[in-house]
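Read through the structure below, which is laid out as structure tokens, and then see the notes.
The numbers here are math on the coordinates, done by the rules we state, and not lab data. In this text, all values refer to a predicted model and were calculated from it rather than measured experimentally. Every residue, glycine among them, receives a Cβ derived from its backbone with ideal geometry; neighbour counts consider all protein chains shown.
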Amino acid sequence: MRVALLQIRLDPKSRAANLQDLSEVIDEAANASVAPDLLVLPGACDTGGAVSGRGWSNASLEGVKEYLAWKARDWGVFIAAGLHVRHGDTWGPCAVLFDPDGDAVARSSSPDGDKSTQSVRGIEMWASDIGDLGVFEPSIVESLPEHTEIGKRGAVIAVPTVASLAGKRGRNVDANVALLQSGATLGYYAYWAVVAEAGAKGAPGDGSGPGTFLRAPNGTILASADSPNKAIVVAEIPIGGT
């Protein structure tokens, strides 16, 4: 399986600029001579990295979701991205996995799933033809489970993170992502594809966070972004038929 981590800068003041940047980076990655099977984007793609503010509406957020679904269909790839979903009267972060048909087949904060999914405290898996794929939104749980069968057959779990988060929620994200980078938790079977927003707190190179990386089950960092700027990081892993 070929995985591309798309580290881009998000602007909370311009949805149009974000959609243009999303389009350009997706097209650039998917149009490679050896096309990736899975593209992973950072969190809050639908709000430009903002966690609150004007312009939030169901229609505008759903529009970005539909755009990513269209891009997945257009290129015939899986796309994982951090978006927002409504929980009652509030919006909450949610990692979403789109399949090559543009269907949202897994959501990190989904309260239930069908027979093709497996959920463990914010992680939802999807059994695909190229291997097991999953999504995880690290700000919605206090800590990661220490023991689970998730990924036992080998899996890639996408983790779109919002690097600019502040306060307790931001600290939870930092702690959980640090475990994914260097801890033993859940590292036995799964490949972790962690993607941070470019240029924000926690982006690689600014000394405040782990940034964007792909970690193997044995703890080896297979690929990572070496700067806080826009980057496309690609790695081949031995899962599935590619």
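Observations on the structure shown:
- For the peptides 24-31, 230-237, residues were scored by their other Cβ atoms within 10 Å and the scores averaged per peptide; the highest-first order is 230-237, 24-31.
- Peptides 34-47, 4-17 ordered by average Cβ neighbours within 10 Å, highest first: 34-47, 4-17
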